[in-house]
Each structure stands twice: as C-alpha cells, then as structure tokens.
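The values are calculated or read from the model by the stated rules, or taken from the named source; none is laboratory data. In this text the structure is predicted, and so the values were computed from the model without any measurement. All Cβ positions, glycine included, derive from the backbone under ideal geometry; neighbour counts span all protein chains shown.
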Amino acid sequence: MEQRVPITIKQDEARTAMALEGVVDISVATELKQSLLEALGSGKELHVSLAAVTELDVTAVQLLWAAAREASAQGVAFVLDEPPPPAAARSLANSGLEELLPPAQDR
Amino acid sequence: MVQTVASNAEQFKQSFREEAREILVELEAALLELNGNPGDQELVGRVFRGLHTIKGSGAMFGFEQLAAFTHNLETAFDEVRNGRLAITAELIDLTLSALDQIRAMLEEGAGGAPAANAVRCEQILAQVRQLAGLPAAPPASASAARKAPAISERAGNPTGPLREWHIHFAPGPAMLLNGANPLLLLRELRELGGLSVKASMASVPPLRELDAERCYIAWEMVLATSAGEDAVRDVFIFVEDGCELTIAPAAEPASTADLTAAALAEPRSASAGRRTTDRPDTATSLRVPAAKLDQFVDLVGELVTVQARLSELAGRRDDLEIAEVSEEIERLTSALRENSMNIRMLPIRATFEKFRRLVHDLARDLGKNVELTIEGAETELDKTVIEQLGDPLMHLIRNSMDHGIEPPAVRVARGKRSTATIHLSARHSGASVLIAVADDGGGIDAAAVRARAVEKGLIAADAQLTEAETYALLFQPGFSTAKQVTDVSGRGVGMDVVRQKVDSLRGTIDVASKPGAGTGVTLRLPLTLAIIDGLLVSVGDACFVLPLANTQECVELTRDDIARANGKHVANVRGEIVPYIRLREHFNLRTARPDLEQIMIVETEVGRYGFVVDRVLGNCQTVIKNLGRFYRHVQVVSGATILGNGTVALILDPFRLVQDAMRLRAEGQRARAGPPRGATRQTSRAVRAH
C-alpha cells in the first residue's frame, strides 16, 4: 500500500534525469507516461536509471520502448544510464523484453 | 477512495459468483455425461478446466476456503487426466456432492444462504483422496492452492513424448486491468519446458496515443514440452477470453504414447477453434444485471403507452405533420418493443440441463435406471417465464421418476428396456410455448386416481369423468395416489404447486397417458408476459383487447345470419361452421346490439372459435398490467391495458373464454336435465352441441 510514486526527475540545462525505483507496474503507468511525455517535450536529452528497480512489468517496458522510439524520431538522445538489476532483468529476459529496453550506456 | 476499492472488490466477488454458478452448471453436465461415457478425455478436460477456473478465480477474489477445497478435487481430476485414476460412479457422485458444497461456499456472505457443511467437506475430501490414492494430507491451505497449481507435477511427470508447440499470445485491451500479468504467464509456460520467446512491438502506438494500462506487446513462442496440449492451454485458462491465443503443434509426434495420441487425434483446427465453440464469445456479449433489463422493459412499456396516446391524439386532429411524426414514432416504438422483448428471451437450455443432476440423483436413490433426453433446448422464452418454470418442472420430473417409472425388474418383466427415459422438450406454437415432460413408465392408473378422488371427497362415487377430467384431479391440492409417502413425492404437494405456478403464468396443463406405455404432461405457456400485439375491439362503450397472435380473421355477422342459425351460436364461414361467443351476453353488457356485428375468429385448442363484438378498432401494442389480487379469480381476463385516451381495456384470454363458455353451457344444460353430478359426459356433449 505504498503511495509513493517511484519516479524521480531531475532537470538541468541540458538533460532530464529520470530514476525509477521499486515496483514499476500498471499502478504507476499513467504517471510514467506523463513523465516521459513531459521529459521528451522539453527537447532535452533523457537519461533513465533503472538501478533501483525491483520489478518492471509490460506497461513499463512498452512505455520506455515507445519513448525511445519517439526520442529517436525527434532526434533527441534517450540513454539508459543504468540497466535494471539482475533479478528484474531476468524476468524481462524470460519474456523476450530485455532487448526492447533502450541500449544501456555502459553495456 | 477506500470505499471505491471496497465496493469494487464486492463487485468482483459478485461477478465471480455469477461466473462460478455457470461453471458449476457446466461441470455438473460434464460429470453426468462422463458417467455414461467414462473414457471421454475431452469431458475429463472440461471438468478439470472448470475446477481449475473456480479454484484460481476463487483464490483471486478472496474465496480461500472454496479455493482450497476445489484444489483437492482438481488434483484428483488431474490424476484422471493423466490416466492414473479411473472414472467411477463413486468418484462422480463424490464430485457432485462436492459441487454442492462449493455452491454453498459461494453463496456464503451473499445473504442468508445456507453455509457449507465443514464436516461433510472433510468427508468428501478424505474419500476423494482415498480414491485418488493421494496421501491423507491435512486440508490444503489457501496459499497452497493459490500458488501455480500442479505445474511442477506436470513438468516432473511427463505424460508423453517431447513435442514442440507454436504459441501466439496477444493480450486483449482489458487483460492487465483485470489483474492478469503476461510475464507471470510466460514464467508459468517456461516451467513446462524449454521456451523461446519473441516479443513483437508492432502494435505499440506512439507514446502520446498509447493507453498506459493496456498491453500492446504480442508474443510468438516455441515451447518444447512433454506436457499435453491441455496443460499448455491451462496456463492461459484465466485470460483465454481476453486475449488472442493460438496453440498449434509444431510437428508430428515423435512417438505414439496412448494419451498423447488420443490428445492429438483431435484435429488441429478443432483445437484452434475451441474458444469459439466451447464458450460464448464474451467479446461480443455483455453481462447485464436482470434488474436493469426489467427497468428497461418497464420504460419501453411506458413509452408504448404514451405512443398510444400520441396516435390517438394524431387521429383526432386533422394535422398531416403530427400524423406523420406519430406514425414514425409508432414504427420506432414497435421496433424498440420487439427488440427489448428479444433481449429478455433466453434459451431454456440451462433450466433443462439442471435436471440431469436431479434425474441422476433420484435414479440412484430410487434404484431405477433413468435416462434424461432433451429436445428443443434452444427454444427461447421470456426470462420471467423461465425463472418460474424450474419448480413445476422439478415436481413433474420427480413425480414421473417416483410414480411413473417402474423399477427395472418390473420393466423387464413387462418386456420394456430396463432403462427408462424421461423426455424433456420445448417448442413454439403460435404465441405460446409448449414444454413437455414425458416418461415411458407405467402410465396413470385412472381407476386408482378415481378411487382416491372419491375417498377424498373430491368427486361423487358415481361421477362420470372423461380422461382429461380424471387426470386433472391429480393437480388438486392434497391429492396423491401413492400408497406410501416417500422422500421424493407422494405428499400430494407437488402437482398442486405445478398447477398454481402454471396458472400464475396464464398457462394450461394437458395430461396424456397410456397404461403401460407412459405419461406426458404438456405445459402451454404464453411466450411473454409483458407486452403483446393485440386487436382492439369494442362492445357498446367497453373496449377489449384480443391477442393478435391467436386471431385469424374477422367476418361480419348480420341479423339475417343469426336468424338462419335458428338461434344457435354458430356462424357459417365459407362453408365451415364456427361456434361463437357473444361478448355482450357473456359479460352481461346491457347496451343495444347494432345491426351489423363482427366475429373475430380465433384459433383455440378446440378448433376455430368466434368472438362477437360490435366494432374492430384496430391493432394496438399492449402493455399488460396485472389486475391485482382482487381479480385473481377472473381467469378469462389475462390483464388490463391503458389505452391512448386514458381508458382501461381488458385483455381477453381466448382459451379461457372458450373454456368458461363451455362450462356455463354445460351447467345450464345440467340444470335443465337435473342430477346426477356426472358433469363430464354433459360437458363433452355440450361442446359438440355448439
């Protein structure tokens, strides 16, 4: 029954940094979509960190994927700063979804 | 917010209850079919899937006790499915009584329903476990039931050769909102064997247009597993209706182990098309609370009444524009009315199928072999009529089973098949529907019925009755010919209930019986109880409505015609002699008779019959209003309706009118002829004398 939205956004002149944490699923999908839209709307490059995520569900994956597609269409950089930790990644890999996440910077 | 969540939960519970009730009916039908056909793997699969769904959804919606209980049954049927446990009459009976307990658990908390019997539940489980050769484990906890069921078992106990399956899985729009998680489903699939997965993003729309709570991703998978198709399909059991799913074998089986071969004998197209044949297409049908539907029909009824007023008004004013609008509204109202009536029509199948269980249980208790055959289950009836039919049919069937059908030894001695048949049928006939319960038992012992009636003081010892009148005695309150009161029937309550119920539905009962060959009881019921098409007629200043469906034609009746018939109430219609009833005389209306009258010719059970009226005013859509308790005994009137000008017209029941007229005439003749009380002969003579 945690009410906290697991999305933290920091902006500076050049970039938007978005950090997701905990369970990112359908319960926060609408907020995540809104955050992504706003971030892309600013025209700044978008850096996403999934390091603190414990679980990502299909809604999160498809939002990130769609945002990455949008960014590339707009010519804006969309960078995955930190991939999800192994436990969360495994579930994605099992579902053929891991490769759909935006390419991680340091992988 | 919290309240919304709570009421949502209650709503989910309620829809689970509704779904589970339907599944229980299907389960019962499948079990009973299985009883006659123990080798049918498809039926076993159906039972397993039904139990699996009840368990899974039950746990999801907080019916934990129910889920845990069902889990044990499901395990037993998994054993059956895997060929380790044989279907026996005992297992079926146990499962049937278990379904009763599940039903009770389901209704717990739904208001005043009897609770499930915990002791009985434990007994059932112990017996099931013993039958299935399972360890006498303590009652499974709910959490045990909730975790992915028996999957490791399936994977660990290969039931056939390793096979590859192509699976296409695309969640539907509402799947995530219904609480399903595709990733968990894929994990479950992976537990069945080696899985390669490819996710397709082809349907994901641009971010702005994307519905964040919907899954657009589809999966193409290849699964290599030794589990059968059923096991693969079971993974998707809760979401099957809300997604696109195809499961097809990738290649021919490597070997032909019995079970797998049997499973594969099912053609591929059949398995692919199963969703459409097995279940109604939920995507194109809606579940609507009955109360909402009733409200809708009520509103249409009001509309019909107002429309009648508008038509009447338009008729009085000489205004073309109003007339045009009024006609248009009339056309639309008529279409709307027909549509709303159609929505209320339900096939009688569910009501009929319910009796398979009754027949099975009674046959066992009475030591008789009885088979129930069903015909015309697709016949549609008004929802309210269907709801009221259960009781009378149950009494008729019980009566047939107990009194009609002979014990097997007697049947054999009489040269009959030892297994008796009860045939339930339904068909349409004009504006009525005929529901029949027929058995091939010993028939009604007319002499015994008669003797019993004399003993009860219902008829005089020397009364002469027709067959029909004798059988009608069976439906008198407190009548029973059974020498011994059994649990099943014989208390003389049932048949009386049948008559009351059928009366309240404005139906009639017809009994036919042949000694040694069987008995058939036919209920004739009106198709609908709410709105009918009628013909508005007038006698003096009174208006009546005759149901249009029964009315065949209208002919003129002149004073000359009456003179030619020598005072007899018959008319010559193109050479055919048709008896008639003069409504003016029948209802004692003291108004002057016009020179030219009209005869409405109506088809009745005793042939064509005429009703003489002054004028035919035209067609009308009629909302039937009940006359209320006070006029309950007035059977010739089936209700009243409010006309466009605000006056009330009585809706006549032609069948009852004819019966009533025949009765009056018979009484009149009897009064002239004097005693005895043998009414019957005279009645039938009176009919012929018309």
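Would the range A:24-35 turn up any residue that is within 14 Å of chain B (Cβ to nearest Cβ), outside any helix (DSSP H, G or I) and either touching a residue at least 12 places away in the same chain (Cβ under 8 Å) or among the β-branched types (Val, Ile, Thr) (or both)? Checked against the condition, which is being within 14 Å of chain B (Cβ to nearest Cβ), outside any helix (DSSP H, G or I) and either touching a residue at least 12 places away in the same chain (Cβ under 8 Å) or among the β-branched types (Val, Ile, Thr) (or both), the range A:24-35 yields at least one hit.
Scanning the range A:20-38 for residues that are of a type in the set (S, T, N, Q) and surrounded by fewer than 16 Cβ atoms within 10 Å (Cβ to Cβ) returns A:Ser27, A:Thr30, A:Gln34.
Residues checked against (1) touching a Lys or Arg at 6+ places or on another chain (Cβ under 6 Å); (2) outside any helix (DSSP H, G or I); (3) without any contact (Cβ under 8 Å) to a residue 40 or more places away in the chain:
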site: B:Glu28; (1), (2), (3): yes, no, no
site: B:Leu31; (1), (2), (3): no, no, no
site: B:Leu43; (1), (2), (3): no, no, yes
site: B:His71; (1), (2), (3): yes, no, no
site: B:Gly83; (1), (2), (3): no, yes, no
site: B:Asp93; (1), (2), (3): no, no, no
site: B:Ala98; (1), (2), (3): no, no, yes
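Among the residues of the range B:645-659, how many are of a type outside the set (A, V, I, L, M, F, W, C), within 14 Å of B:Pro579 (Cα to Cα) and touching a residue at least 60 places away in the same chain (Cβ under 8 Å)?
Within the range B:645-659, residues that are of a type outside the set (A, V, I, L, M, F, W, C), within 14 Å of B:Pro579 (Cα to Cα) and touching a residue at least 60 places away in the same chain (Cβ under 8 Å) number 1.
Taken over the range B:163-191, residues that are within 26 Å of B:Ala250 (Cα to Cα), in a loop (DSSP other than H, G, I, E, B) and away from chain A (no Cβ under 12 Å) amount to 1.
Of everything in the range B:192-236, what is away from every other protein chain (no Cβ under 11 Å), surrounded by fewer than 18 Cβ atoms within 10 Å (Cβ to Cβ) and not small (Gly, Ala, Ser)? Give them in sequence order.
Going through the range B:192-236, the residues away from every other protein chain (no Cβ under 11 Å) turn out to be B:192-194, B:202, B:222-236.
Right, trim to surrounded by fewer than 18 Cβ atoms within 10 Å (Cβ to Cβ) and you get B:194, B:202, B:222, B:224.
Result: B:Val222, single match.
A:Leu80 - would you say it is more than 13 Å from chain B (Cβ to nearest Cβ), modelled with pLDDT under 90 and closer than 18 Å to B:Leu207 by Cα? Against the criterion (more than 13 Å from chain B (Cβ to nearest Cβ), modelled with pLDDT under 90 and closer than 18 Å to B:Leu207 by Cα), A:Leu80 qualifies.
Residue under question is B:Glu164, and the condition is that it be modelled with pLDDT under 85 and within 24 Å of B:Ile23 (Cα to Cα); does it hold? Spell out the reasoning first.
Details: modelled with pLDDT under 85: yes; within 24 Å of B:Ile23 (Cα to Cα): no.
No; evaluated as a whole, the condition is false for this residue.
Kindly indicate the residue of the range A:39-54 that is closer than 22 Å to B:Leu186 by Cβ and surrounded by 16 or more Cβ atoms within 10 Å (Cβ to Cβ) and also nearest to the other protein chains (Cβ to nearest Cβ) among those meeting that condition. Ranking the candidates gives A:Val53 first.
Here is a yes/no grid of residues against (1) closer than 14 Å to B:Leu396 by Cα; (2) at pLDDT 80 or above; (3) β-branched (Val, Ile, Thr):
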{"position": "B:Ile459", "(1), (2), (3)": "no, yes, yes"}
{"position": "B:Asp462", "(1), (2), (3)": "no, yes, no"}
{"position": "B:Thr481", "(1), (2), (3)": "no, no, yes"}
{"position": "B:Val485", "(1), (2), (3)": "no, no, yes"}
{"position": "B:Gly490", "(1), (2), (3)": "yes, no, no"}
{"position": "B:Val497", "(1), (2), (3)": "yes, no, yes"}
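Hey, can you tell me all the residues within the range B:643-666 that are closer than 22 Å to B:Gly301 by Cα and either crowded, with 18+ Cβ neighbours inside 10 Å or in contact with a Phe, Trp or Tyr (Cβ under 8 Å, 6 or more places away or on another chain) (or both)?
Taking the range B:643-666 first, the residues closer than 22 Å to B:Gly301 by Cα are B:643-653.
Passing the criteria: B:Leu643, B:Gly644, B:Ala649, B:Leu650, B:Ile651, B:Leu652, B:Asp653.
Of the residues making up the range B:357-405, not one is part of a strand (DSSP E or B), among the hydroxyl-bearing types (Ser, Thr, Tyr) and touching a helix residue (DSSP H, G or I) at 6+ places or on another chain (Cβ under 9 Å).
Residue pairs whose Cβ atoms lie under 6 Å apart, sitting 6 or more positions apart in sequence or on different chains, and linking a residue in the range B:589-614 that is basic (Lys, Arg) to a partner that is surrounded by 13 or more Cβ atoms within 10 Å (Cβ to Cβ), are B:Arg608/B:Val578; B:Arg608/B:Ile601. Could you list all residues from the range A:83-102 that are in contact with a helix residue (DSSP H, G or I) (Cβ under 8 Å, 6 or more places away or on another chain), within 12 Å of chain B (Cβ to nearest Cβ) and either part of a helix (DSSP H, G or I) or more than 23 Å from B:Ala170 (Cα to Cα) (or both)? Correct list: A:Ser91, A:Leu92, A:Asn94, A:Glu98, A:Leu100.
Selection of the range B:178-234 for residues being free of Cβ contacts under 8 Å to residues at least 60 places away in the same chain, over 20 Å from A:Lys33 (Cα atoms) and of a type in the set (Val, Ile, Thr) yields B:Val197, B:Val222. Restricting attention to the range B:326-361, the residues being out of contact with any Leu (no Cβ under 8 Å at 6 or more places or on another chain) and exposed (fewer than 15 other Cβ atoms within 10 Å of the Cβ) number 8.
Going by what's in this entry, would B:Ala448 be described as at negative phi and part of a strand (DSSP E or B)? Here the answer is no, as B:Ala448 does not meet what is asked.
For the range B:423-442, does any single residue satisfy the condition of being at pLDDT below 90, of a type in the set (Ser, Thr, Tyr) and surrounded by fewer than 18 Cβ atoms within 10 Å (Cβ to Cβ)? Scanning the range B:423-442 turns up at least one residue that is at pLDDT below 90, of a type in the set (Ser, Thr, Tyr) and surrounded by fewer than 18 Cβ atoms within 10 Å (Cβ to Cβ).
B:Arg584 meets all of the listed conditions (1) exposed (fewer than 13 other Cβ atoms within 10 Å of the Cβ); (2) closer than 22 Å to B:Gly534 by Cα; (3) not hydroxyl-bearing (Ser, Thr, Tyr) but one, namely (1).
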